[in-house]
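The values are calculated or read from the model by the stated rules, or taken from the named source; none is laboratory data. Here the structure is a predicted model, which means the values were calculated and not measured. Here the Cβ positions follow ideal geometry from the backbone for every residue, glycine too, while neighbour counts run over all protein chains shown. Keep in mind that these areas ignore ligands, DNA and RNA; they rest on the heavy atoms of the full protein, side chains included. Shrake-Rupley method; radii C 1.70, N 1.55, O 1.52, S 1.80 Å.
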Amino acid sequence: QVQLVESGGGLVQAGESLRLSCAASGRTFSTYAMGWFRQAPGKEREFVAAISNWSGSNTYYADSAKGRFTISRDNAKKVVYLQMNSLKPEDTFVYYCAAKGGSPSDSPKPYNYWGQGTQVTVSS
């Protein structure tokens, strides 16, 4: 069992940066693959980035995130991060972190645990 709490969202202007954090509880954080997803009201949750368990040596990104966003993890602190640079108004969403056993996935369906979300708003 793991509980996830996101933080770091806010209102920024286009071109600025934000770093989202997702703090996890539980003793087995390092065994989970972690993902970041985002969702607009009335829309499906979409994949942003994912990182493999243990050392996090494998990372995956949606095309919209490549070159601008970086996912990383600190197992000692039980935190996964999403560094977001060069933000655009179209990055305005609620961002969620999620955890699953095994390999990362770009689909939200296999993820067992979810945070409550953090709002990111990018003004033009």
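Longest segment of the chain with no trypsin sites (Lys or Arg not before Pro) in a DSSP loop having at most 15 other Cβ atoms within 10 Å? Here the longest segment lacking exposed loop sites spans 78-124. Using the charge dipole of the chain (Lys, Arg: +1 at Cβ; Asp, Glu: -1 at Cβ; taken about the Cα centre), state which of Gly102, Leu87, Trp114 has its Cα farthest towards the positive end. Result: Gly102. In a simple Cβ point-charge model (Lys, Arg +1; Asp, Glu -1; nothing else charged), the chain has a dipole of about 320 debye relative to its Cα centre.
The residues of region 56-97 expose on average 49 square angstrom of accessible surface per residue, using a 1.4 Å probe on protein heavy atoms.
For Lys78, the lysines whose Cα falls under 28 Å of its own Cα, not counting residues fewer than eight places away in the same chain, are Lys66, Lys100, Lys109.
For a straight C-alpha distance cut-off of 13 angstrom, the aspartates and glutamates reachable from Lys88 (same-chain residues fewer than eight places away being disregarded) are Glu16.
With all protein chains kept in place, the per residue accessible area of region 13-53 amounts to 46 square angstrom at a probe of 1.4 angstrom. In this structure the amide hydrogen of Thr92, modeled in the peptide plane, comes within under 5 Å of the amide hydrogens of Val122, none closer than 5 places in sequence on its chain. Atom-type composition of the exposed protein surface of region 1-40 places 45 percent of the accessible area on carbon and sulfur (1.4 angstrom probe).
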